[in-house]
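In what follows, a structure is listed as structure tokens, so that the remarks can point back to it.
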Amino acid sequence: MLEYIARAKFQIPTPQGQKIVSKGEVLRLSSLKATAGVQRGVLLEKSVSGLQDILHTVAATTAVLVDKLQYSYDQASKKALRLAMSLLIRHEALKTFRPPTPEFQDEVTEFNRTATGKNPITKINSDKGAGEWAGYNCNIGEGCSHGCLYCYASEIAVTRFKRVASKEAWRDEKLIDVKTGKCKKYPEPIMFATSHDITGTYLQAYRCHLYNILKAGNTVILVSKPHRESIEAICSEFSSFRDTMILRFTIGGLDDDALKVWEPGAPSLSERMWCLQYAFEQGFKTSVSAEPMLVNAEGAEQLYYAVEPFITEDIWFGKMFKIGSYVKHRNPEVAQQATELQEFYKDDNIMQFVRRMTGLPKVAWKDSIKEVIQKNTKRNEVTE
């Protein structure tokens, strides 16, 4: 419950009938009950620091949406007010946490009782790729229905280990029986998962393994092209672990058509954005990975400004691996987009993008961009 100040005279319904609220009157309300009044502009949070933060954010967001995303002022104002509501909901959520329900804990107990197999947590022996985010990874399945064209996991499974016949066959998901019931505490964060997503096939087992890993005192980087069902199910049981979780969602751009070309079985842009906002409102640490960037420099910059209000950590940018291999793809739409991305990925164009984004507080570069920056720095040192 928070205290709100009435900015103007208005009426509110009560069990006894309509009540007139005078300007300047202080009301004690939950953030959910207050959101309608905040949206109408008749209520403001009494907390000076919280009020100033929200007012500043709303004003700044309105300006950014008009300037960077070409919203009309009316559209931007509505979006900014919706952000104010999200901030209030998050503010309220952070005051409390819900321990896992007894039903879920019983589910985990039964899951652990019947689980067999080996420990799925392994060391990441690189400081690149997943190694930039975590020291260990965890996977509980083979295959991913998202069918992302650039997926390294399917590439390795097909060409190196020959575990599946084709990338299309990789879309058939198979849950692997592993056990984490006696999980230990690891010295570095665990990325869960790295070779599959949290689809319906994996969700029930994922939540049980996630509980085991977090209960042991570990930090988890949850990376996903998120499904609403999965994120709701995770947020509902894991608010007591919010301090040791980061929910990092992959969004390669704001062009839904481009996402469908490269990630044909993954959730839509709108579903991913909904999940990001929802996780933020539930008080979780949030992050976005735009690796790979599936749009041009302008589109990548617009992505930053669209997601930034709901990000508590970083927004990562990176290139697609072996983009040149898709330029002559049998699908002409893939080939066309690959050609455009290949042009954007050229060192000079990447450096222009880096300079445009320099100074923005939540920007983080993946190794593919860092390599370009380092190469450019060395080249400048030689010329000097």
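Some observations on this one:
- For VAL363, distant residues with modelled amide H under 5 Å away: ILE315
- Computed from backbone phi, the HN-Hα couplings of the range 243-254 come to 6, 10, 10, 10, 9, 10, 9, 7, 9, x, x, 9 Hz, rounded to whole numbers (Karplus: 6.51 cos²θ - 1.76 cosθ + 1.60, θ = phi - 60°; Gly and Pro given as x).
- Accessible area of the range 270-341 belonging to carbon and sulfur atoms, whole % at 1.4 Å probe: 47 percent
- Listed values (1) 73; (2) 50; (3) 41, entry calculated as percent of Cα pairs over 29 Å apart: (2)
- Dipole of the chain, positive end: most advanced residue of LEU254, VAL307, ILE124 [Cβ charges, Cα centre]: ILE124
- Partnerless Cys - the chain, beta-carbon criterion under 4.7 Å: CYS138, CYS144, CYS183, CYS208, CYS235, CYS275
- Spatial offset of the range 98-160 relative to the range 252-267 amounts to 23 Å, using the alpha carbon center of each.
- Residue-wise HN-Hα coupling along the range 364-375, computed from phi with Karplus coefficients 6.51, -1.76, 1.60 (Hz; x: Gly, Pro): 9, 9, 6, 4, 5, 7, 4, 4, 5, 4, 5, 4
- Listed by chain and number, the lysines whose alpha-carbon sits under 18 Å from that of LYS167, ignoring those within fewer than 8 places in the same chain, are LYS260, LYS322, LYS328.
- Label zone at THR339 (point 7 Å along Cα-to-Cβ), backbone N below 19 Å, the range 241-258: 258
- Applying a threshold of 21 Å to the alpha-carbon distances of LYS68/LYS285; LYS68/LYS362; LYS68/LYS225; LYS128/LYS174 flags LYS68/LYS285; LYS68/LYS225; LYS128/LYS174 as lying beyond it.
- Cα-projected label distance for ASP177 with ILE373, points at 7 Å along beta-carbon direction, nm: 4.7 nm
- Bins of 10 Å, starting at 0 and running to the largest distance - Cα pair percent for the range 217-334: 13, 45, 29, 11, 2
- Close amide H pairs (under 5 Å, H built 1.01 Å from N) link VAL21 with PHE10, GLN11, ILE12, residues at least 5 positions away or on another chain.
- Within the chain, percent of DSSP bridges classed antiparallel, to nearest 5: 45 percent
- Surface accessible to a 1.4 Å probe, per residue, for the residues of the chain, Å²: 50 Å²
- Stretchable slack from THR109 to ASP257, in nm (0.36 nm times residue separation minus alpha-carbon distance): 49.0 nm
- More than 17 Å apart - percent of Cα-Cα pairs taken over the range 177-280: 53 percent
- In the elastic network of the chain, a GNM with C-alpha springs shorter than 10 Å, the most mobile of LEU43, LEU247, LEU294 is LEU43.
- Residue-wise HN-Hα coupling along the range 227-241, computed from phi with Karplus coefficients 6.51, -1.76, 1.60 (Hz; x: Gly, Pro): 9, 4, 4, 5, 5, 4, 5, 6, 4, 5, 10, 10, 5, 6, 10
The values are calculated or read from the model by the stated rules, or taken from the named source; none is laboratory data. Quantities reported herein were computed from a predicted structural model and do not represent experimental measurements. Glycine gets a Cβ as well: all are built from the backbone with ideal geometry, and neighbour counts include every protein chain shown. We work out accessible area using only protein heavy atoms, side chains counted, and drop any ligands, DNA or RNA first. Shrake-Rupley method; radii C 1.70, N 1.55, O 1.52, S 1.80 Å.
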